[in-house]
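A.B. asks: Can you keep this structure in mind? I'll have questions shortly.
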Amino acid sequence: MASSLTTPAASTPGKVASLEDYFSVVGPSEVGEIRALANRLAGRSVKMVNSTAVGGGVAEILNRLVPLLSDVGLSCEWGVITGGNDFFEVTKAFHNALHGAPYDAPSQAFELFLSYSEQNLRHHSFDADFVVIHDPQPVALIKARNSRPPHWVWRCHIDVSNPNPLVWDFLMQFVPRYDAVLVSSPNFTRPLPISQYLFFPCIDPLSQKNQELEADFIRKTLERFSIDPKRPILTQVSRFDRLKDPVGVIQAYKLARKYKDCQLVLAGGGAADDPEGGQVLSEAREAAGDDPDIHILELPPWSALEINALQRASTIVVQKSLREGFGLTVTEALWKKKPVVASAVGGIPLQVIHKLTGVLAHSVEGTAYQIRFLLSNPSIAERLGENGHEHVRENFLITSNLKRYLLLFLTLSGGA
Amino acid sequence: MRVAIAPFEFFAAATLVRITGQRAHTLADLLENIRNCADASVFNHTFQSLQQHHFLTEGFSNDFAQWALASCNEPRLAERLASLDIRHYANLAALRTDLVHALETYLHEVPNAAQRKAFEPFYFCEAVTVAVPTPWQARTLAEFCEGLRHVSIHTVHYHFVAARLREPLTVNDFSFWFEESLGLKDLGDRIDLIDIYTNTLEGVRQHILEEATPWLAA
C-alpha cells in the first residue's frame, strides 16, 4: 500500500482568490472587517488537511478558503492525505457508521486505518501555527502534535450525534487531543471534553452554481429540458437517493396540483454509478407515470450552471429529505431568493426558520399544503425569499466561513 | 459646527459561537438551564440573536421566545419572554432573573407544559465576541453620519445594542457620545428611543441618520 500527503493547487486559473472579489456581494464594510481581523493574525500559518483535492463539499470549500486565507495575510497550506482503495473503503464504512449505520468492522479495519495514518504522518510536517483536520479520514494525524503549540482543531463535517459506538469509540482516542471541534449544527454534537464551535457549511456566491446568470441562459436551459417558463415550477435538486424522498416530492406535487397548476422538476445525479440510485430513479419515474409536467433530469456532475439556472427559474424550491446533513441545496435556493418548502431535518431548520426564511413541513401532505399556500400567496413567497437571501448572506457564505476561521484562530491563540 | 473633544471610534464586532452542551428538551429543562448557564449564553440568545436575525422584523428576537413558540407551541409564554426588552437591563444577571421569573410564573400557571417534550431541543450556545477598530472615526456629527453610512450592521449592533452592557450601562454608545462629546443630549435621547425590535438593524441605521440630519447645522 502506497501513501503520501500531497498539496493540491488551491486555486486554479480563473477562480476567485481575492477577498475584494466579494465586494459586490457582501459590501466593502464586511470586507474591511475581515481584513481588520486578519491583520491581527498577519504572518501566522495555517495548514488544512483533508482526504480529497477534488469532488465533494469539503474540497469545494477548501478550494476557495485556502486562497482567501492567503489573500488576507496568513500563510495557508492545504494537504491531502492519500491511501489505497482499501483505506478509502474503510473510511467510507466509518463515515456511514458515524451516521449511525450498523457496521461489523472487520478485524483489520482499524489496523489498516492506523497504518495509512502512520504513512501520511511520515510524509509531512505539521509546523503551522494552526492545523485544521477535516473529517474522520485524517483524524489520527493529531499524533504529530508535539509540545510546541500549534493549535489543532478537528472540523467534523458530518452528523455524529448518533454514531455507531464501535467507530466512535475508536475515534475517541484522537478527538480529545485536539483543542476544539468544529461542527455544522448544534444537533450534530457529542459530549466531549473540549470546546465545540458552530461552523456552518457555506456556499460560494461567485461559483458557477451560485453566480448571477443571464436571463437568456435560464430561458435556454428551460427550453432544453422542455420546461414551460410561463407556468409555476417546483424544483428539488438532489441526487436520486431514498433519503431525499423523490417519490414523496412527486406525491406532494400531485396533491398540490389538484388545486394549483404547476410543473415539477427533479434534478440530480448519482444514478449511473450507484445501483441504489438507479433503483430510486426508476421508482421516481414510475411514480411520475406519464405526467408530462414532471421533468426528471439526470444530470452529469459538471452541470453546475444548469442547476443554477433551474433553481433561478423555479417558483418554489422543495427539499423533502427524510434525513439530511446540512442541506446546501437549500442554502443555494435561499441565496437565489427562492421560497423554500423543506423538511425539518438535519441542518435545514438552521436555514429555514419557519414562516420567516421559508416554510418547514413534516409530511407529504404538509409539503403539498405549503406549496399550495406559497403558490397562492406570491407576496409572502417573495418576502420569504428575500429574508432567506439575507440569512444566507449573514451566515452561510464563504466570507462568513473565512471570518469564523479568523475568529477561531484569534480565540485559540488568546488574541480575541 | 461642534467638534468633539474625543473622537467617536467605530468598532466592528464579530462573533464565534461555542456550543456548550447544555440542552433543553422541555420547558422545565429550559428553566433549569437558564438558571445555570453562563452569562455568555444569556447574551448569545438575547442580545446576539438580534444581530444574527438583523434582517427580520417579524418573529421573536430572542431565541428563548422563538423556541417557546416554534418548538413548544406556547405562544403566551413566547410573548412574555419576548417582551423582555434588553434595553432595560444593565447586566445579564438581571435579565436572567426576569427570564427565570417569566418561565416560573408560566409553569406555575400551566404546570402541564413543564414536561411536554419540545419538537426540537434547545441548544445553549455562548457568544465569543472579538471587536476590532474600523478605519472610521468622527469628531463632528457630519463625520459621524459619514462613518455610520459606511460601517456594517455588525458595527451598528456593537455600538447600539451590545453597548448597553458596557460602561456606562444601559445607554448606547452613539447617544452617550452625542451627549458627552458633542453636547447634543436631545439627539442622544431621541436616538435611544429607536425600537430595535420593530426595526431591522439597517432600519436602525437609517433612523439614526434621519434623526441626526436636522442637527447637522448645530
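A.B. asks: Once you've got the Cα coordinates, tell me which of A:K220/A:K244; A:K209/A:K338; A:K230/A:K260; A:K47/A:K143; A:K260/A:K337; A:K230/A:K338 are over 19 Å apart. Kindly include the intermediate steps, with their values, before the conclusion.
C.D. replies: Working: A:K220/A:K244 27 Å; A:K209/A:K338 15 Å; A:K230/A:K260 14 Å; A:K47/A:K143 15 Å; A:K260/A:K337 22 Å; A:K230/A:K338 17 Å.
Long pairs (Cα-Cα over 19 Å): A:K220/A:K244; A:K260/A:K337.
A.B. asks: Which percent, nearest 5, of DSSP beta bridges in the protein assembly as shown are antiparallel?
C.D. replies: Numbers: 16 of 59 bridges.
Roughly 25 percent of the DSSP beta bridges within the protein assembly as shown come out antiparallel.
A.B. asks: Moving on to the next point. When the Cα centres of the range B:68-112 and the range B:8-55 are compared, how far apart do they sit, in Å?
C.D. replies: The distance from the Cα centre of the range B:68-112 to that of the range B:8-55 comes to 14 Å.
A.B. asks: Another question, if that's okay. So, by mean Cβ neighbours within 10 angstrom, what's the order for A:242-248, A:106-112, A:342-348 with the highest one leading?
C.D. replies: Result, highest mean first: A:342-348, A:242-248, A:106-112.
A.B. asks: Shape call for the range B:15-126 from the C-alpha gyration tensor, a ≥ b ≥ c root eigenvalues: rounded (a/c under 1.5), prolate (a/b greater than b/c) or oblate?
C.D. replies: Because its axes are fairly even, with a/c under 1.5, the range B:15-126 counts as rounded.
A.B. asks: Just want to confirm a number: the relative contact order over the range B:1-105, from Cα pairs under 8 angstrom separated by 6+ residues, in percent. The partial results should precede the final answer.
C.D. replies: Values: 77 pairs, mean separation 24.3, N = 105.
Here the relative contact order equals 23 percent.
A.B. asks: With runs of 4+ DSSP H residues as the only contributors, calculate the mean residue ellipticity of chain A at 222 nm using -39,500 (n - 2.57) per run, divided by the residue total and rounded to the nearest 500.
C.D. replies: That comes out to -12500 deg cm²/dmol.
A.B. asks: If you don't mind, another one. Mind running the shape call on the range A:215-395? Use the C-alpha gyration tensor, a ≥ b ≥ c as the square roots of the eigenvalues: rounded below 1.5 for a/c, prolate if a/b tops b/c, oblate otherwise.
C.D. replies: Taking the square roots of the gyration eigenvalues as a ≥ b ≥ c, the range A:215-395 is rounded.
A.B. asks: May I ask you to order A:222-234, B:66-78 by the average number of other C-beta atoms within 10 Å around their residues, highest value first?
C.D. replies: Highest mean packing first, the order is B:66-78, A:222-234.
A.B. asks: Additional query: What residues qualify as long-range amide H neighbours of A:K47, i.e. H under 5 Å apart, gap of 5 or more or another chain, H built at 1.01 Å from N?
C.D. replies: A:E77, A:F130, A:V131, A:V132
A.B. asks: How would you classify the range A:35-166 from its alpha-carbon gyration tensor, with a ≥ b ≥ c the square roots of the eigenvalues: rounded for a/c under 1.5, else prolate if a/b is greater than b/c, otherwise oblate?
C.D. replies: prolate
A.B. asks: Given the range B:123-184 reduced to its alpha-carbon atoms as identical point scatterers, what log10 I(q)/I(0) does the Debye formula return at q = 0.19, 0.21, 0.26 Å⁻¹?
C.D. replies: Here log10 of I(q) over I(0) equals -0.79, -0.94, -1.28.
A.B. asks: Just to check I understand the Karplus step: with θ = phi - 60° and J = 6.51 cos²θ - 1.76 cosθ + 1.60, what whole-Hz values come out for the range B:197-206, glycine and proline as x?
C.D. replies: Result, rounded to whole Hz: 8, 9, 10, 6, 5, 5, x, 4, 4, 5.
A.B. asks: Separate question: Once the Cα gyration tensor of the range A:313-416 is diagonalised, what are the square roots of 5 times its eigenvalues, in whole Å and ordered largest first, as equivalent ellipsoid semi-axes?
C.D. replies: Three semi-axes, in Å: 30, 15, 10.
A.B. asks: Can you tell me, using C-alpha contacts under 8 Å and at least 6 residues apart, the relative contact order of the range B:77-203 as a whole percent?
C.D. replies: Values: 81 pairs, mean separation 27.0, N = 127.
Computed over the range B:77-203, the figure is 21 percent.
A.B. asks: Do you know the relative contact order of chain A, to the nearest whole percent, from alpha carbon pairs under 8 angstrom that are 6+ apart? Please report the intermediate quantities before stating the final value.
C.D. replies: On the way: 752 pairs, mean separation 59.5, N = 416.
RCO, chain A: 14 percent.
A.B. asks: Suppose every Lys and Arg Cβ carries +1 and every Asp and Glu Cβ carries -1, with no other charges. What dipole size does chain B come out with about its Cα centre, to the nearest 20 debye? Write down the numbers at each step before the final one.
C.D. replies: Numbers: 17 positive and 27 negative charges, 69 e Å.
Roughly 320 debye for chain B.
A.B. asks: Could you give the angle, 0 to 90 degrees to the nearest 10, between helix B:27-36's Cα long axis and the longest principal axis of the Cα atoms of chain B?
C.D. replies: Compared with the principal axis, the helix lies near 50 degrees.
A.B. asks: Which distance in Å, rounded to a whole number, links the C-alpha centroids of the range A:17-88 and the range A:180-224?
C.D. replies: So the separation of the two Cα centres works out to 15 Å.
Throughout, read-outs are computed from the coordinates displayed, never taken from laboratory work. The structure presented is a predicted model; accordingly, all values stated were derived computationally and were not measured. Don't worry about glycine lacking a Cβ; one is built from the backbone with ideal geometry, like all the others, and counts go over all protein chains shown.
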